[in-house]
Amino acid sequence: MIELRRLTKRHGEVRAVDDLSFDVRPGIVTGFLGPNGAGKTTTMRLILGLDAPTGGTATIRGRRYADLPVPMREVGALLEARAVHPRRRVRDHLLYLAQSNGIPRRRVEEVLGLVGLSPAAGRRAGGLSLGMGQRLGIAAALLGDPGVLIFDEPVNGLDPEGVVWVRTLMRDLAAEGRTVLVSSHLMGETALTADHLVIIGRGRLLADTGLAEFVRANSRDTVVVRTPEAPELAHRLREAGAAVRREPEDTLTVTGAESAVIAKVAMTHGIVLHELTPHRTSLEEAYMELTRGSVEFGASGSGGLGASGGLGASGGGGR
């Protein structure tokens, strides 16, 4: 269990993390989401004792990370996979970490096999590809067989096979009763991996809920309808209480009426339908709607940088 209570981190006048409270429970994968600058990485650094909070607490099984006697046996983390001396060989890097935490040498070979790096064990870390570097970082996180795992963008640089492998690994670790916190910008992957979501924006908590519940709460399910009698059908659907938006090529987007209701209205008034396609809100769409006002760096529009010739920033926040 990871517990945050009113956790705050200021950088001058900017609150990178702002009065943040939530729990990460064992047995499920918790997806940690937020726009760039939301404070996700800063929050993880505070949990791991790499930054000191301005206020509040972050504890792991009731203790601060700094108070854990053998931290790698209790907490595994991947924050920056490339934070390895480039001249150090893969096996030697893991062996050094194992020896510093009293972990048996055989565990090094086990995690090398688990992440698929046994053939590269003698290579220097500086010569690894981005994806292989990610695998080395994951191996280091798993080295102490910890009950709590924290991963910051673990699929960066991985090929499709590697992405599926990480997804399966996260779910398997949670199924073993471990506490798993995973940050990601990939909504599709999060939808396939996470059971629970914690979403922050500008350092503040925006949502702390189950994935399915979040999508339902932020959904506006629509139906795409195509008919040669679009104006007439739009009129009849509005009479029935639906919201209708006209689209090009005899197409309507309907909100507030299910497919069966639309079909019945069309049949009652003798209107021919060429298409009737329900559209359910995705995690990405629900997330974008929730965080719309919390994006720190956003494009001002399509087709160039605009008059300012650069990026627009709307406020402070942490990494």
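General observations
- Rounded FRET efficiency, nearest 0.05, which uses the C-beta distance separating Thr209 from Leu276 and R0 of 25 Å: 0.20
- Within the listed set Asp23, Asp67, Asp250, the Gaussian network model of the chain (springs between alpha-carbon atoms below 10 Å) gives the highest mean-square fluctuation for Asp250.
- Lys/Arg +1, Asp/Glu -1 at C-beta; the chain dipole; positive extreme among Leu158, Val75, Pro248: Val75
- Dipole magnitude of the chain, debye to nearest 20 (Cβ charges: Lys/Arg +1, Asp/Glu -1, about Cα centre): 1360
- The long axis of helix 90-100 is offset from the longest Cα principal axis of the chain by roughly 70 degrees.
- Between region 1-39 and region 149-222, the alpha-carbon center distance in angstrom: 15
- Lys/Arg +1, Asp/Glu -1 at C-beta; the chain dipole; positive extreme among Val223, Pro146, Leu186: Pro146
- Fewest-first sequence of Asp195, Asp152 by Cβ atoms within 10 Å of each Cβ: Asp195, Asp152
- Basic side chains Lys and Arg get +1 at the Cβ, acidic Asp and Glu get -1 at the Cβ, and with that the dipole of region 169-301 about its Cα centre reaches some 320 debye.
- Whether region 222-279 is rounded, prolate or oblate, judged on the alpha carbon gyration tensor where a/c under 1.5 counts as rounded: rounded
- Helices in the chain, meaning DSSP H runs of at least 4 residues, each add -39500 (n - 2.57). Divided by all residues, the mean residue ellipticity at 222 nm is -9500 deg cm²/dmol.
- Cβ-defined net charge surrounding Pro53, 12 Å radius [Lys, Arg +1; Asp, Glu -1]: +4
- At most 15 other Cβ within 10 Å, DSSP loop - GluC sites (Glu not before Pro), region 151-196: Glu176
- Comparing His11, His93, His235 in a Gaussian network model of the chain, where Cα atoms under 10 Å apart are tied by springs, the biggest mean-square fluctuation is seen for His235.
- Over all other residues within a Cβ to Cβ distance under 14 Å of Pro160, the charged ones net out to -2, with Lys and Arg as +1 and Asp and Glu as -1.
- Of all beta bridges that DSSP places with both ends in the chain, some 65 percent have antiparallel geometry.
- Calculated log10 I(q)/I(0) by the Debye sum over Cα atoms at q = 0.08, 0.09 Å⁻¹ (choose from (i) -0.57, -0.68; (ii) -0.35, -0.44; (iii) -0.49, -0.60), label: (iii)
- Proximal charge balance of Gly137 [Cβ under 14 Å; K/R count +1, D/E count -1]: 0
- Here's the picture: charge each Lys and Arg Cβ at +1 and each Asp and Glu Cβ at -1 in the chain, and of Ile200, Tyr287, His235 the one pushed furthest to the positive end of that dipole is Ile200.
- Between Arg167, Arg45, Arg238, the residue with the greatest mean-square fluctuation in the GNM of the chain (Cα pairs under 10 Å linked by springs) is Arg238.
No lab work stands behind these numbers, since they all come straight from the coordinates. Since we're looking at a predicted model, the values are computed, not measured. Here the Cβ is made from the backbone with ideal geometry for all residues, glycine too, and neighbour counts use every protein chain on show.
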